[in-house]
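Below is one structure, written out as structure tokens, with a few remarks after it.
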Amino acid sequence: MKGNERVRFIQGNEAIAEGALAAGARFFAGYPITPSSEIAEISSKRLPALGGIYVQMEDEIGSIAAVIGASAAGKKAYTATSGPGFSLMQENLGVAVMAEIPCVIINVQRSGPSTGLATKPAQGDVMQSRWGTHGDHGIIVLSPSSVQDCYELTIRAFNLAEKYRTPVILLADEIVGHMREKAVLRQPGPGELLERKQPDCPPDAYKPFELGEEVAPLAAYGGEYVLRISGSTHDEWGFACGRPQNAEKFVRHYTDKIEKNKEDIIVTREYGLADAEYTIVTFGCTTRSALEAMRISRSRGMPVGVLELMTLWPFADHHVKKACEGVKAVIVPEMNLGQIIREVQRVVKGDIPIVGVNKVDSTAIKPAEILEKLEEVAACVQ
């Protein structure tokens, strides 16, 4: 241990739990589900020791409902799940969007659909994380590719949730969640943790959903300020409101507060893009294979670069477009039948090939499989 740092050899799921605690989270409600169960297990031991609360709920519907309630009462709150549980959470995820309740939902992806292969990895929940709950809305989704990322992006997820009064999804996968490697657990310093803004007006003047340049302060439910929470479209006071112009205003607000702050929200990593003739756009566990494929390709004289999307939503349009300018082809490896590639195709204009490397057999995409696709595409564009 050095100063405020602890160096650990730990599992990704443990790093997520530690990241939540470091971010100041003091409430967890969940239902154990492979491959995320370690997050619940560790939280059940660590939270009470820190004065927090752990509750094992009857199911995932109750879990996210409890998280919303705890956050509304003033606590930083989180839950962890996987595919089937994440599906059950979608309706209440929409409640959190509508009521602008900050919370963090961790989805350690597994093979699907339905029960699927419960212990095997996949990246099939990308579009569900964006559009799983109905209606137009903005959402923030982060994607770790290492144990270190699991820790740091969890802290970032809580900061973004508080800053924008929104649920934030940490979209991990079984490989990253269960791998073990060195991680530096640095306790955030002064000013690094964002706390929710509190109202400074008289209680009778408080509008919990007041629209402006920044999101409205969020008072704790049960205090001197009245906080009305509903899944119905409401006005700035929280009262149900059926006026078309009001609905238009708020639905746009739920999207705009995310989309208009993309530069603050989006994080990417770039590898070897300065001289790249081929770009690999990747995320999550597949990044590790992409980087090895890049290393081997460059050793063979093929200049390949990698763009890692650490923020999946809002989508990094500008970063992807820039990373793909002037290259001969773009490769998008993902453990699904093609989800992020659709966004890459939308953003990247022109006639360059945009080719997927896709697997849904519950095994990881190997560097050799990306190399094979690179060589196949290179032979066609020379």
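The values are calculated or read from the model by the stated rules, or taken from the named source; none is laboratory data. In this text the structure is predicted, and so the values were computed from the model without any measurement. Cβ coordinates were reconstructed from backbone atoms using ideal geometry, including for glycine residues, and neighbour counts include every protein chain displayed.
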Practice task
Taking Met98 as the residue in question, decide whether it is hydrophobic (A, V, I, L, M, F, W, C), over 23 Å from Leu194 (Cα atoms) and outside any loop (DSSP other than H, G, I, E, B).
Solution key: no
Practice task
Quick one: which helices (runs of 4 or more DSSP H) lie wholly within region 115-178 and hold at least 3 residues that are in contact with a Pro (Cβ under 9 Å, 6 or more places away or on another chain)?
Solution key: 147-164, 174-178
Exercise for the section: Could you please let me know if Ala40 is in contact (Cβ under 8 Å) with a residue 60 or more places away in the chain, among the aliphatic types (A, V, I, L, M), outside any strand (DSSP E or B) and not assigned by TED's automatic domain parsing to the domain that holds Ala364? Expected result: no
Handout entry: In region 332-355, residue surrounded by the most Cβ atoms within 10 Å (Cβ to Cβ) [restricted to those that are over 25 Å from the mean Cα position of the chain (by Cα) and over 20 Å from Ala293 (Cα atoms)]
Key = Ile352
Handout entry: Which numbered condition Thr255 misses (of (1) closer than 30 Å to Ala15 by Cβ; (2) within 22 Å of the chain's Cα centre (by Cα))
Key = (1)
Completion exercise
Of Ala316, Ala329, Ala323, Ala274, the only residue that is assigned by TED's automatic domain parsing to the domain that holds Ile354 and exposed (fewer than 15 other Cβ atoms within 10 Å of the Cβ) is Ala274
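So that you can scan it fast, the table gives a plain yes or no per residue for (1) part of a helix (DSSP H, G or I); (2) of a type in the set (Val, Ile, Thr); (3) at pLDDT below 95; (4) touching a His at 6+ places or on another chain (Cβ under 7 Å):
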{"residue": "Gly284", "(1), (2), (3), (4)": "no, no, no, no"}
{"residue": "Thr287", "(1), (2), (3), (4)": "yes, yes, no, no"}
{"residue": "Arg295", "(1), (2), (3), (4)": "yes, no, no, no"}
{"residue": "Arg298", "(1), (2), (3), (4)": "yes, no, no, no"}
{"residue": "Gly301", "(1), (2), (3), (4)": "no, no, no, no"}
{"residue": "Gln345", "(1), (2), (3), (4)": "yes, no, no, no"}
Problem - Any hit, region 184-205, residues being within 19 Å of the chain's Cα centre (by Cα), in a loop (DSSP other than H, G, I, E, B) and under 18 Å from Met98 (Cβ atoms) - result: no
Problem - Count of residues meeting criterion [under 28 Å from the mean Cα position of the chain (by Cα), of a type in the set (Val, Ile, Thr) and surrounded by fewer than 18 Cβ atoms within 10 Å (Cβ to Cβ)] in region 356-382 - result: 2
